[in-house]
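Working notes for the structure below.
The values are calculated or read from the model by the stated rules, or taken from the named source; none is laboratory data. Nothing here was measured: the structure is a model prediction, and the numbers come from that model. We place every Cβ from the backbone using ideal geometry, glycine too, and count neighbours over all the protein chains shown. Accessible surface is based on the protein model in full, side chains and every heavy atom, while ligands, DNA and RNA are left aside. Shrake-Rupley method; radii C 1.70, N 1.55, O 1.52, S 1.80 Å.
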Amino acid sequence: MAHILSSMDDFFEVLNWKVNKRNVEQEILFPSIDSNKSAIINVLRKENELNPHEIADLTGLSAESVSINLIELEMENIITSSPSGRYSLRL
């Protein structure tokens, strides 16, 4: 028998499927990048692998700002750090 479906809920209802509704957060694919993070990313594009002191010198950002932004960029999977403490963009 034909049914008019206007949503996925209608589809599940027609098939007598029980669906557990839960709140699902969509992963953020393109996190917002502020100017400090953008400056760090641009420097890493040019120089490939740098330590935090070199990044601070090249961007003009304070050591504190560089450290905070490096941690955030690493958590956002935009950069990676090596055991020697140097940072580079993820490929």
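Annotation: of all residues in segment 33-57 being among the charged types (D, E, K, R) and open to solvent by 70 Å² or more (accessible area, probe 1.4 Å), the one that is nearest to residue 81 (Cα to Cα) is 49. The set of residues in segment 1-29 that are surrounded by 10 or more Cβ atoms within 10 Å (Cβ to Cβ) and either modelled with pLDDT of 90 or more or not in a loop (DSSP other than H, G, I, E, B) (or both) comprises 9, 10, 11, 12, 13, 14.
Within segment 79-91, being of a type outside the set (Ser, Thr, Tyr) and touching a residue at least 12 places away in the same chain (Cβ under 8 Å) holds for 79, 85, 86, 89, 90.
A quick yes/no check of all residues on (1) closer than 20 Å to residue 91 by Cβ; (2) modelled with pLDDT of 90 or more; (3) open to solvent by less than 70 Å² (accessible area, probe 1.4 Å):
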| site | (1), (2), (3) |
| --- | --- |
| 31 | yes, no, yes |
| 59 | no, yes, yes |
| 62 | no, yes, yes |
| 74 | yes, yes, yes |
| 78 | yes, yes, yes |
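For segment 37-78, the set of residues classified as touching a residue at least 24 places away in the same chain (Cβ under 8 Å) and either at positive phi or assigned to a loop (DSSP other than H, G, I, E, B) (or both) consists of 48, 49, 51, 61, 76, 78, listed by residue number.
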